[in-house]
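Q: Structure provided below as structure tokens; questions to follow.
Values quoted throughout were computed directly from the atomic coordinates according to the rules given, and no laboratory measurement underlies them. Note that the coordinates shown come from a computational prediction; the quantities given were computed from them, not determined experimentally. With ideal geometry, Cβ positions are generated from the backbone for all residues, glycine too; neighbour counts draw on all protein chains shown.
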Amino acid sequence: MSKKYLRKNEFRMDINPNHFGKEKEPHPAYISAKHKHMFKANSITHAQKINDGFDTHDIGENPDKLSKDKRRTRISPPFWQKEEQFGREKLNNFRFSKETRKKIKKYNKRFK
């Protein structure tokens, strides 16, 4: 029996206009799974609440290793979205530690 989906650990820009912040700019997204032409992702932001009033979850660590921004980083609840609504290039300067990836995986399990 095959797996339900392919696990991923990558970052891409979420170019879906429905997920833009106040500045009307795309957010980076952490992609944790792929199934056919859909990605399961969490948007990365600094905001307490995102569109539609969803609360975000504090993970602390800023995944952008080139950024000098020291604000606390937060992630949105997980969502499935078409592959075309993400940027084509992976964001190579973004990384989460192993402990943070475990926190995110545990957080995402609450939304099954």
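Q: Would you indicate which of [x] 25, 16, 15; [y] 30, 19, 12; [z] 20, 16, 15 is the value of semi-axes √(5λ) of the Cα gyration tensor in Å derived from the coordinates of this structure?
A: Label of the calculated value: [z].
Q: I need the phi-derived Karplus couplings for the range 27-43: 6.51 cos²θ - 1.76 cosθ + 1.60, θ = phi - 60°, integer Hz, Gly and Pro marked x.
A: In residue order, the calculated couplings are 9, x, 9, 8, 9, 10, 7, 9, 9, 6, 10, 10, 10, 9, 9, 10, 6 Hz.
Q: Here is a follow-up. Pairs K24/K65; K8/K68; K22/K65; K24/K49: which exceed 21 Å Cα-Cα?
A: Flagged as over cut-off: K24/K65; K8/K68; K22/K65.
Q: If I take R0 = 22 Å and measure r between the Cβ atoms of D69 and R110 in this structure, what FRET efficiency does the formula 1/(1 + (r/R0)^6) give, to the nearest 0.05?
A: Efficiency computed from Cβ-Cβ geometry: 0.20.
Q: Set the Förster radius R0 to 22 Å, insert the Cβ-Cβ distance between K4 and K98 as r into 1/(1 + (r/R0)^6), and round the FRET efficiency to 0.05.
A: E(calc), rounded to 0.05, equals 0.45.
Q: Just grab the label-to-label distance for W80 and K36, each label 7 Å out from Cα along the Cβ direction, in nm (one decimal).
A: According to this spin-label approximation, the distance is 0.8 nm.
Q: Please identify every one of the GluC sites (Glu not before Pro) in the range 1-109 that sits in a loop by DSSP and has no more than 16 other beta carbons within 10 Å of its own beta carbon.
A: E23, E61, E89
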